[in-house]
Ligand code: SF4
Ligand code: FES
């Protein structure tokens with residue numbers, strides 16, 4: 001299909017700037033959402049280090065605990081915490097868009113899909129906390 | 001169907017990881033990364049934590065949590081590098097780094113969870 | 001309220017200008033005016049050479065899309081007074097080549113639209129004597145939202161993935177494929193899946209979601225794409241678990 005490109009060679013083509021994601025709030029929000037994955041990876045690394053320390057014995061585990069109290073690690077974990085919360089909230093809010101569930105001839109409203117997600121989130125968090133805090 | 005890509009598989013891992021990360025990481029990060037080190041709450045002692053981690057179900061849980069989260073990361077970070085930095089031409093390198101990292105992480109996780117006494 | 005407002009309008013004359021520049025015009029600030037009225041005022045009274053597209057001036061034809069203060073908008077449905085005291089910047093839609101002033105070249109979109117086969121596909125046409133294909137209101141409702149698309153391309157102007165990778169099928173083309181996939185009279189889902197499940201199709205999308213934000217017709221192309229991904233994944237799992245059922 002010949003586009004007008006062949007007819008009008010003088011069309012002006014724009015190029016996106018490398019910093020396009022700073023241009024609009026929805027874009028910035030998007031890039032922050034995607035960057036949350038880096039902090040997810042950080043959490044996994046930390047968890048693996050912890051398991052490793054745990055299997056090596058009490059002395060190593062103490063040392064690891066000490067490392068967790070390092071102000072740099074604390075600061076990183078504070079940032080990570082906000083990012084993983086941001087990930088969770090955006091994830092639950094976007095999930096209904098991907099799921100066109102229909103019932104009674106109508107599409108189930110988004111809150112009825114996101115709602116149970118949030119309830120499950122609270123319940124699961126409580127269960128994990130109980131498991132770790134009970135004794 | 002054969003000519004279709006493996007994207008559905010990667011997307012499945014990405015999505016599963018997204019759910020797992022959203023549901024489980026905030027509370028664990030809060031407890032292990034902030035509340036326990038800062039002394040807001042009393043964490044489990046060495047013995048009881050080891051007991052917990054030793055349990056087969058916990059191992060399974062940790063394996064799923066870590067590996068799926070890593071594949072979630074790999075997928076998202078791959079696209080962030082493509083789009084954010086406009087370096088799509090480094091495609092192969094990025095894929096190797098992201099998915100390779102996730103596969104390596106899976107192996108490490110499996111190994112660690114296997115050798116816990 | 002001041003009685004005039006400043007418009008900053010992109011001017012580009014192919015063959016004469018090396019690149020687009022901005023030109024300023026003062027136009028009356030009338031409460032009932034939309035951006036398109038202001039542009040028409042410029043064309044009628046101030047500068048007859050200003051070039052832009054429009055037709056229905058009631059949000060139906062989809063030809064008056066432009067960037068208004070950096071946001072993709074139908075200029076016939078965007079009030080001038082919302083931007084008071086100004087200035088208001090009016091630019092051609094992003095991510096498309098500029099033909100002249102505010103006019104962009106839509107060819108690429110048209111090619112992509114055609115590729116997603118936005119029409120009813122039947123394996124076998126039913127003989128005319130058997131009458132029309134019937135559809136219940138519920139069946140209509142499953143795809144109605146996607147059928148509201150007016151091909152204005154605002155979603156393409158909003159989509160960074162399209163801007164970065166011109167091969168990407170883009171929001172409206174995929175939403176319209178989905179519109180026919182969901183239609184109870186259609187049997188072309190497989191054909192479309194073969195095209196759209198490639199990397200340049202649905203998998204190129206990273207769910208930025210701005211297409212849905214800017215769509216003047218509430219089509220939710222971002223939702224359509226994610227739903228499509230879900231379907232494609234379900235198909236993949238099926239063909240993986242039950243390879244003998246494949247085509
Ligand atoms: S999906 Fe919406 S924004 Fe995109 S072309 Fe259709 S009507 Fe316009
Ligand atoms: S002129 Fe037709 S949509 Fe604006």
| In the set C:111, C:60, C:90, which member is over 17 Å from residue C:12 (Cβ atoms) and not assigned by TED's automatic domain parsing to the domain that holds residue C:183? | C:60
| task | Can you confirm whether the range C:182-203 contains a residue that is without any contact (Cβ under 8 Å) to a residue 24 or more places away in the chain, farther than 27 Å from residue C:125 by Cα and within 14 Å of chain B (Cβ to nearest Cβ)? | result | yes
| Does the range C:208-228 include one or more residues that are more than 10 Å from chain A (Cβ to nearest Cβ) and over 20 Å from the mean Cα position of the chain (by Cα)? | no
| Unmet requirement for residue C:178, which otherwise passes all of (1) assigned to a helix (DSSP H, G or I); (2) away from ligand 1 (no atom under 16 Å from the Cβ) | (2)
| task | Kindly check whether there is at least one residue in the range A:66-78 that is at negative phi and outside any helix (DSSP H, G or I). | result | yes
| request: Go through the range C:67-92 and count every residue that is away from chain A (no Cβ under 14 Å), more than 10 Å from ligand 2 (Cβ to nearest atom) and within 15 Å of residue C:155 (Cβ to Cβ). | output: 0
| said: Based on this model, can you work out whether residue C:222 counts as closer than 24 Å to residue C:63 by Cα, away from ligand 2 (no atom under 16 Å from the Cβ) and not assigned by TED's automatic domain parsing to the domain that holds residue C:70? | reply: yes
| request: Would you be able to tell me the number of residues in the range B:33-49 that are closer than 22 Å to residue A:83 by Cβ, more than 7 Å from chain A (Cβ to nearest Cβ) and outside any loop (DSSP other than H, G, I, E, B)? | output: 1
| task | Search the range B:79-96 for residues that are over 11 Å from residue C:206 (Cβ atoms) and within 12 Å of chain A (Cβ to nearest Cβ) and pair each with any residue that is modelled with pLDDT of 80 or more and outside any helix (DSSP H, G or I) when their beta-carbon atoms are under 6 Å apart and the residues are at least 6 apart or on different chains. | result | B:86/A:18
| field | The listed residue being more than 30 Å from residue B:51 (Cβ to Cβ) and part of a helix (DSSP H, G or I), out of A:21, A:121, A:130, A:42 | value | A:21
| message | Quick check on the range A:61-80. Is at least one of its residues facing another protein chain (nearest Cβ under 7 Å), at pLDDT 95 or above and under 13 Å from the mean Cα position of the chain (by Cα)? | response | yes
| task | Any chance you could count how many residues in the range C:212-247 are within 16 Å of ligand 1 (Cβ to nearest atom), in a helix (DSSP H, G or I) and surrounded by fewer than 20 Cβ atoms within 10 Å (Cβ to Cβ)? | result | 1
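The values are calculated or read from the model by the stated rules, or taken from the named source; none is laboratory data. Owing to the predicted nature of the structure, the values given are computational and were not obtained by experimental measurement. All Cβ positions, glycine included, derive from the backbone under ideal geometry; neighbour counts span all protein chains shown.
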